[in-house]
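Data first, discussion second: the structure below is written as structure tokens.
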């Protein structure tokens, strides 16, 4: 019997994730962890310590790409072999251009792809540059978000590696001490959930940012800034500042209405 491998599976579609998990397990690959949201991704994968990370390029390949870039830029996950499975030829070629030392395969050949990734593991993995990194990153971006030294910050839904780009200490939940919350949202459903969370949990002294895809960017979404401000009004908040995160993401700051 072939050696049983352990992997983390990243897929942004729950139905796809279940099917891909079944395929992997039928090939004697143990799926130690399934990631379908960016929040806490680095910590979860580090704790699970998989042999490799399998990234789904069938479901929302742009998000799979972003997740892989975050993984390659984190010291705790950079060394773990990356395997991209599925995806159209066009999408695969775009990701391959940025992460050429990963393994690319079909779902039917994922087992052999994982074995190949373990054998061919690069000594110095490529660290692709994130979108907009040459323009805004680190402390510059932190200043844009009004993050001050030692400020209690919470970041939720971080699928774009925002925390690492900000270079700040943060929590993945809102507490009574939180002064600033960053919600990364991609859909109107996630936007509604962010406002529900803010209204229920955010301290009166805190403010928050909605980080969302630009209308002019590469990512598609089903809401815009007007929808954010309308929800703010309905939930007792006021919007008073905006900023560009990079070429694909924007942010709107909000606070409790006085």
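Counting only strands (runs of 3 or more DSSP E) wholly contained in the range 135-235, the ones carrying 1 or more residues that are over 30 Å from residue 75 (Cβ atoms) occupy 207-213. Taking the criterion of being surrounded by 20 or more Cβ atoms within 10 Å (Cβ to Cβ) and at pLDDT below 95, the residues of the range 207-228 that qualify are 213, 223.
For residue 130, are the conditions met, namely being under 17 Å from residue 219 (Cβ atoms) and either modelled with pLDDT of 95 or more or assigned to a loop (DSSP other than H, G, I, E, B) (or both)? It is true that residue 130 is under 17 Å from residue 219 (Cβ atoms) and either modelled with pLDDT of 95 or more or assigned to a loop (DSSP other than H, G, I, E, B) (or both). Would you check which residues across the range 189-202 are surrounded by 15 or more Cβ atoms within 10 Å (Cβ to Cβ) and either free of Cβ contacts under 8 Å to residues at least 24 places away in the same chain or over 21 Å from residue 41 (Cα atoms) (or both) and list them? Within the range 189-202, 192, 193, 195, 198, 201, 202 qualify. Restricting 67, 163 to those that are without any contact (Cβ under 8 Å) to a residue 12 or more places away in the chain, within 30 Å of residue 207 (Cα to Cα) and surrounded by 19 or more Cβ atoms within 10 Å (Cβ to Cβ) reduces the list to 163. Take the conditions (1) in contact with a helix residue (DSSP H, G or I) (Cβ under 9 Å, 6 or more places away or on another chain); (2) within 13 Å of residue 145 (Cα to Cα); residue 209 misses just one of them, which is (1). When 30, 116 are checked against the criterion of being over 21 Å from the mean Cα position of the chain (by Cα), more than 23 Å from residue 155 (Cα to Cα) and part of a strand (DSSP E or B), 30 stands alone in meeting it. Is it fair to say residue 239 is farther than 18 Å from residue 160 by Cα, part of a strand (DSSP E or B), touching a strand residue (DSSP E or B) at 6+ places or on another chain (Cβ under 7 Å) and in contact (Cβ under 8 Å) with a residue 12 or more places away in the chain? For residue 239, the condition - farther than 18 Å from residue 160 by Cα, part of a strand (DSSP E or B), touching a strand residue (DSSP E or B) at 6+ places or on another chain (Cβ under 7 Å) and in contact (Cβ under 8 Å) with a residue 12 or more places away in the chain - is met.
The values are calculated or read from the model by the stated rules, or taken from the named source; none is laboratory data. Just so we're clear, the structure is a prediction, and the values are computed from it rather than from any experiment. Positions of Cβ are generated from backbone atoms using ideal geometry, with glycine treated the same way; all protein chains shown enter the neighbour counts.
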